[in-house]
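Here is the structure we will look at.
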Amino acid sequence: MVKTLTMVFSLRFSSLSLPPHSTITLYTVPHVPNHRLRSTSNLSPPSSTLLIKHSLCPCAAPKQQQHLLVPEEEEEEELKCINEAPSLENDSLPPGIRRECMPRHVAVIMDGNRRWARLRDLPVGSGYEAGVKSLKTLIELCCKWGIRVLTVFAFSTDNWFRPNVEVEFLMSLFEGGVKDEMGSSLRENIRISVIGDISKLPKSLEELIINVEESTKNNSQFQLIVAVSYSGRYDLVQACQRIAMKVKDGIIELNDVNESLIEQELETNCTDFPYPDLLIRTSGELRISNFMLWQLAYTELFFTQSLWPDFGEADFLEALQSFQQRWRRYGE
Amino acid sequence: MDFRDGMHKVYSFIAQIGNLGLHVLWYFLHFIVSLWYFALGIVCALESYLISIGILKRYEGFDINKLRYLAVVVESEEAYQIPKIIELLQWLVALGVKRVCLYDTEGILKKSKDSILVKLNNATVFEEADQSNPLLDHKHISVEFASFSDGKEAVAKAANLLFRKYLKLGDSDKIQEEKIFTEARMTEALTAVGCRGPEPDLLLVYGPARCHLGFPAWRIRYTEIIHMGSLNSIKYGSLIKAIYRFTMVQQNYGKCSLPFDSDCSRLLSIISGN
């Protein structure tokens with residue numbers, strides 16, 4: 001109750017100072033993909049065109065301010081991206097949440113399903129099923145509030161070491177979930193992408209994934225990226241493998257290979273916004289567990305005690321407020 | 001007309017009173033919330049003080065040896081505060097931390113390496129051999145300095161090493177090709193280009209941003225990340241609390257040692273239609 005009241009009040013007071021452990025002098029802002037900054041810098045500072053418009057960078061050294069200068073045509077393109085975001089009435093947003101400060105890409109590590117089930121003396125599978133419901137709720141909220149991309153960490157490469165029965169259960173759950181969501185994705189203009197080593201998945205699931213990606217590839221309202229059999233290290237290694245093949249085929253020169261090229265070959269380049277602005281991890285763990293290692297360099301990390309099946313609108317709101325408080329301070 | 005003017009004046013008066021009331025309510029609520037956060041700050045500071053003077057016994061007696069490698073990320077603007085960095089390192093030495101990596105994006109800490117090490121007794125620059133050196137005594141600390149060039153740029157350099165190996169193979173050996181691009185080979189290549197540091201167990205972030213600011217991505221798969229706030233407000237008690245909390249954590253690393261329920265097998269058969 002107190003937490004909710006404090007949350008609601010804090011929405012209204014942009015000049016509020018928070019305790020040191022949640023200091024809000026802003027630094028992290030939505031990303032500009034690195035290749036756009038190639039001409040200006042070798043660093044990959046957090047930046048966005050909105051930032052440039054406000055022309056404030058209280059925390060950055062002068063050298064970094066130079067990195068924020070991007071050509072006008074790219075600024076217009078960024079603004080176009082923002083303007084092309086699903087149009088929203090401010091009324092559809094909860095009070096205190098600003099549309100212009102909304103993260104474009106949110107990533108989630110959905111942790112705590114098994115703990116949730118054990119706490120209720122339920123079978124572990126029930127925890128995962130409850131987790132699927134939380135995911136559906138989150139997708140609806142993202143669509144409603146204008147978030148363009150949601151990436152969820154569904155199954156890690158490390159999870160293959162779990163008991164076979166559990167892995168099979170998860171694969172069946174995933175296959176059932178994709179089949180259920182396919183129809184609504186087509187209706188609601190949602191694009192579904194899957195990243196990870198899908199060759200390790202059951203054949204039926206692999207074919208289903210290819211089918212659903214193809215069917216929804218032209219949808220543009222919202223993109224759901226599901227990371228299955230994925231890890232950050234796997235993503236980097238496969239990017240290097242793809243570049244090596246291009247070098248061998250003479251498409252690119254070996255001397256042209258740099259970190260920007262690696263970024264373009266990562267699996268998260270299936271989206272216009274490959275770098276998450278906000279990462280949410282549930283269940284109170286404070287680590288990223290081999291998820292999107294490269295992409296999370298400047299992502300706001302939000303760790304919450306809620307277990308994933310309990311993660312609802314209030315928790316998501318809290319995460320967005322935490323993100324937006326940093327954004328608001330940066331722009332002022 | 002007089003009646004209408006009178007009513008208009010009454011409405012106007014009521015509206016002004018209402019506005020004034022709302023303003024007063026607004027500022028009152030603002031005061032209450034500010035008071036709440038002020039009180040929260042006092043409580044945090046008090047807790048930190050009580051931990052540092054040893055009154056809160058819960059935070060004593062943790063096993064510092066669980067923390068094999070600590071990373072500290074400092075926002076580049078704050079990295080110029082070398083006395084604060086030295087103070088932090090002295091606290092870490094007092095707590096028995098033996099190996100630490102200091103990181104900032106722009107390499108300011110790297111440039112200040114000499115001035116930092118000279119102020120610390122028994123501090124040396126990290127070498128790979130230090131990892132397994134049992135002779136490092138309680139009050140010795142080895143310090144690694146890292147910056148952005150040890151992160152993404154290093155991965156690009158390591159990738160180039162792998163590409164050269166790959167190109168040398170030609171078209172003949174497909175099996176060998178597949179063995180080049182593996183995580184283990186990438187780790188070896190990173191070591192070869194000079195990025196030898198191990199994976200930190202714990203990463204403390206000092207600065208306004210709650211992100212790791214480009215710390216070498218390859219090394220933080222399972223690293224616990226704690227945001228400590230600004231370097232200006234570092235507290236010994238907060239440091240103890242963060243390290244204590246880390247030593248209490250249990251990681252499964254994505255695997256699970258618990259048996260899957262038999263009920264789930266039944267559920268599985270229902271879902272698959274058997």
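The values are calculated or read from the model by the stated rules, or taken from the named source; none is laboratory data. Quick caveat, the model's predicted, so the values are computed rather than measured. Because the Cβ atoms are built from the backbone with ideal geometry, glycine has one as well, and the counts that use them run over all protein chains shown. Quick note on the areas: whole protein, heavy atoms, side chains included, nothing else; ligands and nucleic acids left out. Shrake-Rupley method; radii C 1.70, N 1.55, O 1.52, S 1.80 Å.
Chain A and chain B together bury an accessible surface of about 6900 square angstrom, both sides counted, with a 1.4 Å probe and no ligands or nucleic acids included.
Output the pairs from A:179/A:200; B:113/B:165; B:98/B:241; B:66/B:179; A:179/A:248 with a Cα-Cα distance over 29 Å in this structure; if there are none, say none.
Working: A:179/A:200 19 Å; B:113/B:165 35 Å; B:98/B:241 18 Å; B:66/B:179 34 Å; A:179/A:248 39 Å.
Result: B:113/B:165; B:66/B:179; A:179/A:248 exceed 29 Å.
For the stretch B:28-33, backbone phi angles converted through the Karplus equation (6.51, -1.76, 1.60; θ = phi - 60°) give residue-by-residue couplings of 5, 4, 4, 5, 4, 5 Hz, Gly and Pro being listed as x. Compared with its chain on its own, the stretch B:14-34 contains the following residues whose accessible area drops by 50 Å² or more in the full protein assembly (probe 1.4 Å; ligands, DNA and RNA excluded): B:26, B:30, B:33.
With R₀ fixed at 51 Å, the C-beta to C-beta distance from residue B:53 to residue B:192 puts the FRET efficiency at about 0.60. Between amide H atoms placed 1.01 Å from N, distances below 5 Å from residue A:223 occur with A:149, A:150, A:191, all of them 5 or more places distant or on a separate chain. Take the Cα of residue B:87, go 7 Å toward its beta carbon, and the backbone nitrogen atoms of the stretch B:198-241 under 13 Å from that spot belong to B:230-239.
Amide hydrogen proximity for residue B:126: with H placed 1.01 Å from N in the peptide plane, the residues at 5 or more positions away or on another chain lying under 5 Å are B:143, B:144, B:145.
Residue separation times 0.36 nm, minus the C-alpha to C-alpha distance between residue B:39 and residue B:3: what's the value? Show your work: numbers first, answer last.
Details: separation 36, 0.36 × 36 = 12.96 nm, distance 5.33 nm.
Taking residue B:39 through residue B:3 to full extension adds about 7.6 nm, to one decimal.
Cα gyration tensor of the stretch B:9-79, axes a ≥ b ≥ c as square roots of the eigenvalues: rounded (a/c below 1.5), prolate (a/b > b/c) or oblate?
Details: a/c = 5.98, a/b = 2.80, b/c = 2.13.
The shape class here is prolate.
Take the stretch A:91-234 with all the other protein chains still there, run a 1.4 Å probe, and you get 41 Å² of accessible area per residue. Placing +1 on the Cβ of every Lys and Arg and -1 on the Cβ of every Asp and Glu, with no other charges, gives the stretch A:128-209 a dipole of roughly 320 debye about its Cα centre. Report, in whole Å, the centroid distance computed from the Cα atoms of the stretch B:29-43 and the stretch B:84-110. Between the Cα centres of the stretch B:29-43 and the stretch B:84-110 lies a distance of 32 Å.
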